[in-house]
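Participant: Quick one: this structure, given as structure tokens, is what I'll be asking you about.
The values are calculated or read from the model by the stated rules, or taken from the named source; none is laboratory data. Only a predicted model underlies this, so the values are computations on that prediction, with no experimental measurement involved. Because the Cβ atoms are built from the backbone with ideal geometry, glycine has one as well, and the counts that use them run over all protein chains shown. In case anyone asks, the SASA skips ligands and DNA or RNA and just uses the protein heavy atoms, side chains included. Shrake-Rupley method; radii C 1.70, N 1.55, O 1.52, S 1.80 Å.
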Protein chains: 4
Amino acid sequence: MATVTIWNEFRHEREDDDVAAVYPDGIHETIADGLTDGERVHDIQYATLEEPDHGLTEDVLERTDVLLWWGHEAHDEVADEIVDRVHRRVLEGMGLIALHSAHYSKPFKRLMGTTCSLQYREAGETERLWVVDPGHPIVDGLDESLELPRTEMYGEPFDVPEPDRLVFLSWFEGGEVFRSGCCYRRGSGRIFYFRPGHETYPIYENEEIRRVLRNAVAWASPTDGSPRTFGERE
Amino acid sequence: MATVTIWNEFRHEREDDDVAAVYPDGIHETIADGLTDGERVHDIQYATLEEPDHGLTEDVLERTDVLLWWGHEAHDEVADEIVDRVHRRVLEGMGLIALHSAHYSKPFKRLMGTTCSLQYREAGETERLWVVDPGHPIVDGLDESLELPRTEMYGEPFDVPEPDRLVFLSWFEGGEVFRSGCCYRRGSGRIFYFRPGHETYPIYENEEIRRVLRNAVAWASPTDGSPRTFGERE
Amino acid sequence: MATVTIWNEFRHEREDDDVAAVYPDGIHETIADGLTDGERVHDIQYATLEEPDHGLTEDVLERTDVLLWWGHEAHDEVADEIVDRVHRRVLEGMGLIALHSAHYSKPFKRLMGTTCSLQYREAGETERLWVVDPGHPIVDGLDESLELPRTEMYGEPFDVPEPDRLVFLSWFEGGEVFRSGCCYRRGSGRIFYFRPGHETYPIYENEEIRRVLRNAVAWASPTDGSPRTFGERE
Amino acid sequence: MATVTIWNEFRHEREDDDVAAVYPDGIHETIADGLTDGERVHDIQYATLEEPDHGLTEDVLERTDVLLWWGHEAHDEVADEIVDRVHRRVLEGMGLIALHSAHYSKPFKRLMGTTCSLQYREAGETERLWVVDPGHPIVDGLDESLELPRTEMYGEPFDVPEPDRLVFLSWFEGGEVFRSGCCYRRGSGRIFYFRPGHETYPIYENEEIRRVLRNAVAWASPTDGSPRTFGERE
């Protein structure tokens, strides 16, 4: 029902054979597969870094209900003008789902107002995500936890504002924890940061992760609301 | 779509001619009229203080998605056993909409954990409710503010926990302000406190107020979530 | 500077040799030792279950700035009248620090409005507490994490309202996580739930845990504030 | 005790006779007068737009505990490099108090991540500020409300993230309301937005407003906390 735009940096997949082996058509295609489970069919568009306006023209954003963002090694190449555009649309109501290393993407950092720094370790270790908010629509249909056998570790402190709603906490084999599912409202827009994902582990093929993404798209879709009128009065 | 139970103390309307003139069939009937606007037809049940179990048997609560609560002069006559039952159901996911003087109702106070005290004045003065969260589904279709020509004043401080989300602020002619629309999550349940309402002013006939109540029922309806499992592990 | 009252159920220590071996003078004495580090000398009082009014007379509570609560097996024996009294004083500004199994104590549950249930396992496993809010006064002087070699596990979901401020997250050897340090404001009172503690592991002799408790007492101490005036106006 | 830096755009006072009549030595001097009430003597520094680095060198910021910010007509002239510097220091722990039209200042907008827009009207109307959080240290010693006879109106919606703690609500004669005292934490820094203030009304000579500013400086002062360590681990 929602119109979803999946933004992918789309560089790893073309430059690195290991990544290409996992995501041969680009990570955006794999994410898109997970969003279409037969029940909830979304209208899906793609946008990538190398396109004009990184694929995020005014038109594309105007008709986007929810934007998913995957970026990793080229955050700095995203033009500030496009960041302004995405930022404005989120405040107007467009949902934003920031995936994994998108904690460092420009649009997410702009919206958070903090560094969004964290600790990390690439060791292919086990991660278990615990649901800490069992009544949240983002966890509809999940079990009390879900396990990923091989992931990159992200550890606290995570320099973000206190989430409006904390949905997932991660446990890592090596001894760390992380706030892995964080909900925010900024302006009229809903923002969900979701930690899992990696360019060489096939995280987005995991059925439970796909369920979370589908739920998150539904949750982040805009509602009508009331007018946002600013400026001089009377 | 949702199954809604409207609980009414139902005493004023039978004991006081002024109240009976405004709400001849009971305030619950007027509230119910507002919930059925043709578009969103809910399955509506009534429950009142004088019935066995105050009308809130295990069965009734089990099939209730959202409970609306109107009480005013007989809060203390609500049996603790029934309060326990309502409380448990809210934590399991049932929505609760506490109306006007239900700030002092036992179920709402139990869920808040505070006195829920406030200041008040009965002077038939003008109230203007301002939307402070224009992106919230509870304000879908509203203008930036709505006005009630004659209301009882409720003033700050309002002794409740900081709301998860503050939706409305009221301005009163006499110089006071009030947090009039407050959203909370407790367990898996969604709770909305909504200030407007009175036994002798026909607040629940106001079209904008009715719209808020319809939106609030949709917002407070339970989602599936994930299991709430407690106790010893492994 | 603050006047601190340490409430202890004080039953385990007298009925169970294993507990008596760890806390021969009662767990309250050990907690008190940790609060007096030379720098910050508090005026400390004790109160226990068997005393009249459980030691919590109006007078005692009136002069208490911060109440620490340890209870485990006799939560139900705490009289509701005393719970009312503690509850009222917290709303007026008295700080409350709920320790370990006090998540199930009557005053804490009253203030939270939820079941405060969780998962647990008694297996003497390692716990690592991560600071997720490095700017909070409760973590003054701590490192980025602290480790307890043998603890009882508490796991999510923890059925409490979303904390105003989440300070610690726990990682457990067996694969669970927990929100171990949670800050709340209710009325004018500050509440801190702190998970570590056990009747047979000497948690309260740990220097880092003692530092947290001293910091928490300072944080939870009341400020002057402004009047809490309720009722009819003008 | 704290080292306070008062930043003033310092343009109105030199270009507009009406402003100069109210604040002949600059609004920073009047604010400073209010911070030194004999009891709590702060070390106060000034910084203004026209100075090199707008007076906010690395050295000045390094020794600043709390930065107060007054700006109005020249927000855009503040260099981004200096905004980066202020932003970084706030995340490290420096307090920031944004006064009146500083809702539109670059450092405040950077930290909030939203437009910080609002409605306004310049009509010299009465404002009454209500304390909605009577237990907060920022309201120590205040009455339940305070009144300003002539102010510029600011009205909702105010496009900021939901405050961590809402302390004041304003009522305006003309029918509007506003969240006038908003507390935030970003990184290790405490941020307080305080609405009152104007270049031609002598708001900062009001004793109650001065009390709020003194309390806010105490509240926003950094604590030691624990290390903020980011990056690769192990």
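Participant: Kindly evaluate A:W7 against the criterion of being in contact with a strand residue (DSSP E or B) (Cβ under 7 Å, 6 or more places away or on another chain), closer than 30 Å to D:L118 by Cα and in contact (Cβ under 8 Å) with a residue 24 or more places away in the chain.
Facilitator: no
Participant: Same structure again: Among the residues of the stretch D:116-144, write down those that are among the β-branched types (V, I, T) and in contact with a helix residue (DSSP H, G or I) (Cβ under 6 Å, 6 or more places away or on another chain).
Facilitator: Hits for the stretch D:116-144 are D:V131, D:I138.
Participant: Exactly one condition in (1) in contact with a Leu (Cβ under 7 Å, 6 or more places away or on another chain); (2) open to solvent by 10 Å² or more (accessible area, probe 1.4 Å) is not met by C:E156; state its number.
Facilitator: Only one criterion in (1) in contact with a Leu (Cβ under 7 Å, 6 or more places away or on another chain); (2) open to solvent by 10 Å² or more (accessible area, probe 1.4 Å) is unmet by C:E156, namely (2).
Participant: Hey, another quick one. Where in the stretch C:140-234 are there strands (runs of 3 or more DSSP E), lying fully within it, with 2 or more residues that are under 19 Å from C:V4 (Cβ atoms) and either touching a strand residue (DSSP E or B) at 6+ places or on another chain (Cβ under 9 Å) or within 11 Å of chain D (Cβ to nearest Cβ) (or both)?
Facilitator: C:177-186, C:189-194
Participant: Now, a different point. Among the residues in the stretch C:155-164, are any at pLDDT 95 or above and over 24 Å from B:R110 (Cβ atoms)?
Facilitator: yes
Participant: So which helices (runs of 4 or more DSSP H) stay within the stretch B:14-108 end to end and still have 2 or more residues that are closer than 28 Å to C:F230 by Cα?
Facilitator: Per the criteria, B:17-22, B:80-92.
Participant: If a residue must be closer than 14 Å to B:I209 by Cα and over 20 Å from the mean Cα position of the chain (by Cα), how many such residues does the stretch B:121-168 contain?
Facilitator: 3
Participant: Turning to a different aspect of this structure: Residue under question is C:D80, and the condition is that it be surrounded by fewer than 21 Cβ atoms within 10 Å (Cβ to Cβ), touching a residue at least 12 places away in the same chain (Cβ under 8 Å) and facing another protein chain (nearest Cβ under 8 Å); does it hold?
Facilitator: Here the answer is no, as C:D80 does not meet what is asked.
Participant: May I pose another question? Taking only the stretch B:109-130 into account, find how many residues are open to solvent by less than 10 Å² (accessible area, probe 1.4 Å) and part of a helix (DSSP H, G or I).
Facilitator: Residues in the stretch B:109-130 being open to solvent by less than 10 Å² (accessible area, probe 1.4 Å) and part of a helix (DSSP H, G or I): 2 in total.
Participant: Then there is this: For residues that are buried (at least 23 other Cβ atoms within 10 Å of the Cβ) and free of Cβ contacts under 8 Å to residues at least 40 places away in the same chain, tally how many sit in the stretch D:169-215.
Facilitator: 3
Residue by residue, here is whether (1) of a type in the set (D, E); (2) more than 14 Å from chain B (Cβ to nearest Cβ) holds:
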{"site": "A:E92", "(1), (2)": "yes, no"}
{"site": "A:L111", "(1), (2)": "no, no"}
{"site": "A:E125", "(1), (2)": "yes, yes"}
{"site": "A:W130", "(1), (2)": "no, no"}
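Participant: Step by step: first the residues of the stretch A:50-74, then only those that are on the phi < 0 side of the Ramachandran plot and free of Cβ contacts under 8 Å to residues at least 40 places away in the same chain, then the one that is least open to solvent (accessible area, probe 1.4 Å). Which residue is that?
Facilitator: A:T57
Participant: Looking at D:E232, D:E162 in this structure, which one is surrounded by fewer than 18 Cβ atoms within 10 Å (Cβ to Cβ) and more than 30 Å from D:E15 (Cα to Cα)?
Facilitator: So the residue among D:E232, D:E162 that is surrounded by fewer than 18 Cβ atoms within 10 Å (Cβ to Cβ) and more than 30 Å from D:E15 (Cα to Cα) is D:E232.
Participant: Regarding the stretch C:214-233, can at least one residue be identified that is among the β-branched types (V, I, T), under 20 Å from C:F108 (Cα atoms) and modelled with pLDDT of 95 or more?
Facilitator: Yes, the stretch C:214-233 contains at least one residue that is among the β-branched types (V, I, T), under 20 Å from C:F108 (Cα atoms) and modelled with pLDDT of 95 or more.
Participant: All but one of (1) over 23 Å from B:G26 (Cα atoms); (2) open to solvent by 10 Å² or more (accessible area, probe 1.4 Å) hold for B:Y104; state the number of the condition that does not hold.
Facilitator: All conditions pass for B:Y104, except number (1).
Participant: Suppose we filter B:V19, B:V83 for residues that are touching a Pro at 6+ places or on another chain (Cβ under 8 Å) and either at pLDDT 95 or above or not polar (S, T, N, Q) (or both); which single one remains?
Facilitator: B:V83 is the lone residue from the list that is touching a Pro at 6+ places or on another chain (Cβ under 8 Å) and either at pLDDT 95 or above or not polar (S, T, N, Q) (or both).
Participant: Please find, among D:L96, D:L67, the residue that is away from chain C (no Cβ under 14 Å), aliphatic (A, V, I, L, M) and in contact with a helix residue (DSSP H, G or I) (Cβ under 9 Å, 6 or more places away or on another chain).
Facilitator: Step by step, each of D:L96, D:L67 is checked, and only D:L67 is away from chain C (no Cβ under 14 Å), aliphatic (A, V, I, L, M) and in contact with a helix residue (DSSP H, G or I) (Cβ under 9 Å, 6 or more places away or on another chain).
Participant: Of the numbered conditions (1) touching a Leu at 6+ places or on another chain (Cβ under 6 Å); (2) more than 21 Å from A:G174 (Cβ to Cβ), C:V132 satisfies every one except a single condition; which is it?
Facilitator: Every listed condition holds for C:V132 apart from (2).
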